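Student: Mind having a look at this structure? Questions to follow.
The values are calculated or read from the model by the stated rules, or taken from the named source; none is laboratory data. All figures in this text were calculated on a predicted structure; none of them were measured in a lab. Ideal geometry is used to build each Cβ from the backbone, glycine not excepted, and the neighbour counts take in all protein chains shown. Quick note on the areas: whole protein, heavy atoms, side chains included, nothing else; ligands and nucleic acids left out. Shrake-Rupley method; radii C 1.70, N 1.55, O 1.52, S 1.80 Å.
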Amino acid sequence: MSKILVIAEHDGSSLNPSTAKTVACAASIEAAEIHVVVLAAAAAAVAGEAAQLDSVAKVLTVEGPENEHALAAVLAPQIVALSAGYSHVFGPSTTFGKDLMPRVAALLGVNQISDIMLVLTSHSFKRPVYAGNAILTVEAPADKVVVATVRIASYAAVADGNNAAIESATVDAELPDHTRFVGVQSGATDRPDLQTAAKVVSGGRALGSAESFDIIYALADKLGAGVGASRAAVDAGYVPNEMQVGQTGKIIAPDLYLAIGISGAIQHLTGIKDAGTIVAINKDEEAPIFEVADIGLVADLFKAIPELTEALD
Amino acid sequence: MQKILVGLKRVVDYNVRVRVKSDGSGVETDGVKMSINPFDEIALEEALRIKERGEAEEVIVVSVGASEAQQQLRTGLAMGADRAILVDSQESLTPLDVARIFKAIVDRESAELVILGKQAIDGDNSQLGQMLAAIWGRPQATFASKVELAGNKASVTREVDAGLETIEIDLPGVISVDLRLNEPRYVKLPDIMKAKKKPLDQLSIEELGVEVAAGIKEVTYEPPSERERGVMVDDVAGLVAALKDKGLV
Ligand SMILES: Cc1cc2nc3c(=O)[nH]c(=O)nc-3n(C[C@H](O)[C@H](O)[C@H](O)COP(=O)(O)OP(=O)(O)OC[C@H]3O[C@@H](n4cnc5c(N)ncnc54)[C@H](O)[C@@H]3O)c2cc1C
Ligand SMILES: Nc1ncnc2c1ncn2[C@@H]1O[C@H](COP(=O)(O)O)[C@@H](O)[C@H]1O
């Protein structure tokens, strides 16, 4: 039997949806007992949400002022202390999990598996490599704890109707003071979160300026969609970095993805492989994005997008 | 600070359409263009700028892998690194092995800062910086888009899912870089000539006293399932109709 510890991702007040997806991956391991741990300054609200997730047997909380911000160097030794008795320790393959889990693994003296996309057995998994151009099956040693991140775009969140027990845990670990949180700057919007939105509209270099992105936002708002971008659009400063979709940005799986003025470079396509329906609007009929699009329209976006936004009334 | 170490990994060039070998043992690399991992050029550029500002004495580029990686190290020397170290290994190493090798070089050189890429675009692991920092017992600042040094502290802005996070770390430490940290310089021909004279040391894993261990096994590579080409519509009305048809709007 597998006993799996899932590290909750949160912002101090609510649970990030990546956690419910990580739990879904853990639940696909046969006969798994799943615990979620919330490390926070004050954990009650987040733990309450985690306790509702289906398949979760228990929620552990570790509270303390040092856990106010998710610093990998501070969290990792605590997770190592908690990991005794678990066969698996999982986190999401968000920037939170990618920063943290390799540090946990190295402290435990084991390797880490990045981006599990499919569970074959309790110790063998599939994961994408080479920007998703190859899928690698890996096998972890049976006698060691499996530390991994879960590719959240590959999993649908578990439902929440559960009422798992919440227990506070104390850990005995020496915490470093060599790493300090200074601040976070985010272009928070009311739009749906890119990583969990059912619909996403993305713009590319073709938009040409930050102002022109307004037509993308207008369309997104009409659809109730999140907004993303290609690396070229982020590099050019049209939009902030957290909107980048792709191999080195966010990997997403919305039901509907609209790629507007995006050529379809392999690094971008990696980020949208699991989208339900891909729509491409590009003025170049040879653009590689059309090779993967379910619905393609060859058009000038500056004409087509306002027209589309209008037509959706 | 005295020394900065920079990791340079030799990888299949990012423009290559990677193909899985028919026997599933890996991806096709015969006759395929190999380059420095793009993130590592950014890491090296940052190290060079730190040195040029007078905040470090020496930049050492390090590669762990096949002897062909000398090519990439020479390019790094031509960009401006002072020295190169190749840890020769034909066998495939796990990220933890590579982290232990880097730790041994950190000790040997008494390096105070290690700058790496945020991920190698072959394995897409994004692990080495974090693992090295862990076994070194030092801070990590991953996914950096801005680095400012002041004495033995570094203020690092990180590209995270929520936006831009700033942390402060005490050095020694490890920084892994993201795409928007800087724009790497181009190598000029005279620099390539000069680089031929710069030292490139080869070390074996045994010399470094590192024991490699069996870790996660690579069982088989397979091509991903392909998305099929869909339909083309003629105009916006056609697009709306197609979306309605699928119940998406
Ligand atoms: C290490 C590495 C990592 C990377 N990671 C990522 C990543 O995570 N995400 C990512 O997106 N990219 C990534 N890239 C970059 C990627 O290779 C491409 O350069 C990038 O995706 C191109 O962005 P784009 O499609 O917006 O721009 P372009 O390739 O310039 O395409 C613009 C498109 O707009 C079309 N167009 C122009 N004008 C109009 C108009 N008026 N109407 C309609 N269409 C128009 C053009 O026909 C063209 O197809 C990475 C690259 C490297 C090397
Ligand atoms: N074999 C290697 N030789 C040199 N540097 C490496 C090697 N493997 C990883 N790195 C460095 O570590 C970074 C992250 O790699 P990875 O954790 O493999 O995704 C890379 O961008 C390199 O800077």
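Student: Among the residues of the range B:142-154, write down those that are open to solvent by less than 20 Å² (accessible area, probe 1.4 Å) and more than 8 Å from every other protein chain (Cβ to nearest Cβ).
Tutor: The answer is B:Ala144, B:Val147, B:Ala154.
Student: Just for the range A:255-275: of the residues that are farther than 24 Å from A:Ala134 by Cβ and open to solvent by less than 20 Å² (accessible area, probe 1.4 Å), which one is nearest to ligand 1 (Cβ to nearest atom)?
Tutor: Per the criteria, the residue is A:Gly261.
Listed here are the residues, each with its yes/no results for (1) open to solvent by less than 10 Å² (accessible area, probe 1.4 Å); (2) more than 30 Å from B:Asp178 (Cα to Cα); (3) not assigned by TED's automatic domain parsing to the domain that holds A:Val150.
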{"residue": "A:Cys25", "(1), (2), (3)": "yes, no, no"}
{"residue": "A:Ala45", "(1), (2), (3)": "no, yes, no"}
{"residue": "A:Ala70", "(1), (2), (3)": "no, no, no"}
{"residue": "A:Gly91", "(1), (2), (3)": "yes, no, no"}
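Student: What do you reckon, is B:Gln2 surrounded by fewer than 19 Cβ atoms within 10 Å (Cβ to Cβ) and more than 14 Å from chain A (Cβ to nearest Cβ)?
Tutor: yes
Student: A follow-up question, please. Scanning for something surrounded by fewer than 14 Cβ atoms within 10 Å (Cβ to Cβ), at pLDDT below 95 and over 27 Å from the mean Cα position of the chain (by Cα), does the range B:207-225 turn up at least one residue?
Tutor: yes
Student: Just for strands (runs of 3 or more DSSP E) wholly inside the range A:29-131: which have at least 3 residues that are facing another protein chain (nearest Cβ under 9 Å) and on the phi < 0 side of the Ramachandran plot?
Tutor: On the way: elements: A:32-40, A:56-63, A:88-92, A:112-116, A:118-121, A:124-129.
The strands (runs of 3 or more DSSP E) meeting that bar are A:112-116, A:124-129.
Student: Considering only residues that are open to solvent by 30 Å² or more (accessible area, probe 1.4 Å) and within 18 Å of the chain's Cα centre (by Cα), look in the range B:5-35 and name the one that is nearest to ligand 1 (Cβ to nearest atom).
Tutor: B:Tyr14
Student: So B:Arg185 fits all but one of (1) open to solvent by 20 Å² or more (accessible area, probe 1.4 Å); (2) outside any loop (DSSP other than H, G, I, E, B); (3) of a type in the set (Lys, Arg); what number is the exception?
Tutor: (2)
Student: What do you reckon, is B:Thr157 without any contact (Cβ under 8 Å) to a residue 24 or more places away in the chain, more than 8 Å from every other protein chain (Cβ to nearest Cβ) and part of a strand (DSSP E or B)?
Tutor: yes
Student: Continuing with this model, one more query. Look at A:Val104 and say whether it is surrounded by 21 or more Cβ atoms within 10 Å (Cβ to Cβ) and either closer than 30 Å to B:Tyr14 by Cβ or at pLDDT below 95 (or both).
Tutor: yes
Student: Return the residues of the range A:107-116 that are within 16 Å of ligand 1 (Cβ to nearest atom) and open to solvent by less than 10 Å² (accessible area, probe 1.4 Å); say none if nothing qualifies.
Tutor: Within the range A:107-116, the subset within 16 Å of ligand 1 (Cβ to nearest atom) is A:114-115.
Hit for the range A:107-116 is A:Ser114, nothing else.
Student: Could you run through the range A:201-239 and say how many residues are hydrophobic (A, V, I, L, M, F, W, C), within 15 Å of ligand 1 (Cβ to nearest atom) and open to solvent by 40 Å² or more (accessible area, probe 1.4 Å)?
Tutor: 4
Student: Which is out of contact with any strand residue (DSSP E or B) (no Cβ under 9 Å at 6 or more places or on another chain), within 13 Å of another protein chain (Cβ to nearest Cβ) and open to solvent by less than 50 Å² (accessible area, probe 1.4 Å), of B:Gly137, B:Gly117, B:Gly129? Before the answer, list the steps.
Tutor: Working: B:Gly117 fails: out of contact with any strand residue (DSSP E or B) (no Cβ under 9 Å at 6 or more places or on another chain); B:Gly129 fails: out of contact with any strand residue (DSSP E or B) (no Cβ under 9 Å at 6 or more places or on another chain).
Only one candidate passes the filter, namely B:Gly137.
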